[in-house]
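Visitor: Dropping the structure in here first, questions after.
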Amino acid sequence: MISLTGDTDTGKKIARIAADRVKRLHLELGGKAPVIVFDDADLDLVAETLRFASYWNSGQDCTAATRIITGPKVYDDVVSKLSEQVRDIKWGDPTGGDELEMGSLISKSQVERVSGMVDRARSGSEVVVGGVSPDRPGAYYEPTIVAGPDQRSEIVQDEVFGPVVTVQRFSDEAQAIAWANDVRFGLAASVWTRDIGRAMRVAKAIQFGTVWVNDHFTLVSEMPHGGFKESGYGKDQGLYAVEDYTVVKHVMLRI
């Protein structure tokens, strides 16, 4: 068995090679996590949670909250409150103090990739916070918010793997679900509402292996973690992981 946590394209290459030997695979691949915020959500909690869930590890996490999809009445408030939180993120050299919340990206080439995606997104959307690679040693990119991109745009469809989130305004619940599902990934998502019936209805409808309600990024060892679609297959954590990482053997005796 081969177990991989990594990029979707890398997983596809390994799957092609493994097919020749019928090798079992466990693939935890890319993600593009939607955050569906309904008009009745606690917006302060949303902004405070996303300050961490979107920018932890400089956004280099496949479960990072990257696509904020908001109700029509709260779009402006979400952009405003999240912008306040993001502007206040303390970032820089992680050796500079315990209060820092965000360090560098993995490499300068990744900074160039993130910067290119944000620059291309400027046509048709607004970079309201960040969008800058500072002129300093290291591989840094400022925490960034891109508001109002089109659903088919690169910044919405592809994994940035950097400190960048998008904010979109949906018209109704059906569109929120459609937009959430309208990517090739299916690893993690969150739903924000005070209506438990709506929360469970939407959680069932969206095609993601992990769905949080009024939270994002909380993982516990008892709960299985793994994706749908091009986010891979197989589960880590919980009893499902034990099944994935073992092989059943049947021995029958006639005595």
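The values are calculated or read from the model by the stated rules, or taken from the named source; none is laboratory data. Because the structure is predicted, anything quoted here is derived from the model rather than measured. Neighbour counts are summed over all protein chains in view; Cβ atoms, including those assigned to glycine, are modelled from backbone coordinates with ideal geometry. Surface areas here come from the heavy atoms of the whole protein model, side chains and all, with no ligands, DNA or RNA. Shrake-Rupley method; radii C 1.70, N 1.55, O 1.52, S 1.80 Å.
Visitor: With N set to the residue count of the chain, report its C-alpha Rg divided by 2.2 N^0.38 Å to two decimal places.
Guide: For the chain, the normalised Cα radius of gyration is 1.08.
Visitor: At q = 0.22, 0.23 Å⁻¹, work out log10 I(q)/I(0) for the range 164-255 with the Debye formula, treating every Cα as an identical point scatterer and leaving solvent out; two decimals please.
Guide: Computed log10 I(q)/I(0) values: -1.20, -1.26.
Visitor: When every alpha-carbon pair in the range 25-140 is counted, what percent end up more than 25 Å apart?
Guide: Summing the P(r) of the range 25-140 above 25 Å gives 27 percent of all pairs.
Visitor: Can you give me the relative contact order of the chain as a percent, contacts being Cα pairs under 8 Å and 6 or more apart?
Guide: For the chain, the relative contact order is 23 percent.
Visitor: Give me D for the range 105-182 in µm² s⁻¹, whole number, from Stokes-Einstein with Rh from the Kirkwood sum over alpha-carbon pairs, 37 °C and 0.692 mPa s.
Guide: 249 µm²/s
Visitor: Counting other Cβ atoms within 10 Å of each Cβ, which GluC sites (Glu not before Pro) in the range 183-250 have at most 10 and sit in a DSSP loop?
Guide: Sparse-neighbourhood loop GluC sites (Glu not before Pro): 222.
Visitor: Same structure again: Helix 43-53 versus the longest principal axis of the chain: what angle, 0 to 90°, nearest 10, using Cα atoms?
Guide: In the chain, helix 43-53 runs at an angle near 60 degrees to the longest axis.
Visitor: Now for a different question. Mind checking the per residue accessible area of the chain for me, 1.4 Å probe, whole number of Å²?
Guide: Heavy-atom SASA per residue in the chain reads 51 Å².
Visitor: While we're on this one: Along the positive direction of the dipole of the chain (beta-carbon charges: Lys, Arg +1; Asp, Glu -1; about the Cα centre), which of 54, 190, 15 reaches farthest?
Guide: Value computed over the given set: 15.
Visitor: Top to bottom by accessible area (1.4 Å), largest first, where do 194, 67 land?
Guide: From most exposed to least exposed: 194, 67.
Visitor: Let me check something: with ligands and nucleic acids excluded, how do 252, 102 order by accessible area (1.4 Å probe), largest to smallest?
Guide: 252, 102
Visitor: How big is the shadow of the Cα convex hull of the range 204-255, averaged over all directions, in nm²?
Guide: For the Cα atoms of the range 204-255, the hull's average projected area reads 5.9 nm².
Visitor: Sticking with this one: Report the number of Lys pairs in the chain whose alpha-carbons are under 25 Å apart, with separation of 8 or more residues or on distinct chains.
Guide: For the chain, qualifying lysine pairs total 26.
Visitor: What FRET efficiency do you get for residue 48 and residue 10 if R0 is 35 Å and r is their Cβ-Cβ distance, rounded to the nearest 0.05?
Guide: 0.55
Visitor: Principal axes first, then extents: for the Cα atoms of the range 78-210, list largest minus smallest coordinate on each axis, whole Å, largest first.
Guide: Projected onto the principal axes, the Cα atoms of the range 78-210 cover 48, 33, 28 Å.
Visitor: Still on this structure, I have one more. Let me know the whole percent of all Cα-Cα pairs from the range 1-82 that are separated by more than 17 Å.
Guide: Result for the distance tail: 57 percent.
Visitor: Quantify, in whole percent, the carbon and sulfur part of the accessible surface of the range 85-214 (1.4 Å probe; protein heavy atoms only).
Guide: 47 percent
Visitor: Can you pull out the GluC sites (Glu not before Pro) in the range 54-109 that DSSP calls coil and that have at most 16 other Cβ atoms within 10 Å?
Guide: Taking the range 54-109 and a limit of 16 other Cβ atoms within 10 Å, the loop GluC sites (Glu not before Pro) found are 99, 101.
Visitor: Obtain the radius of gyration and the Kirkwood radius of the range 46-98 from its C-alpha atoms and give Rg over Rh.
Guide: Taking Rg over the Kirkwood Rh, I get 1.03.
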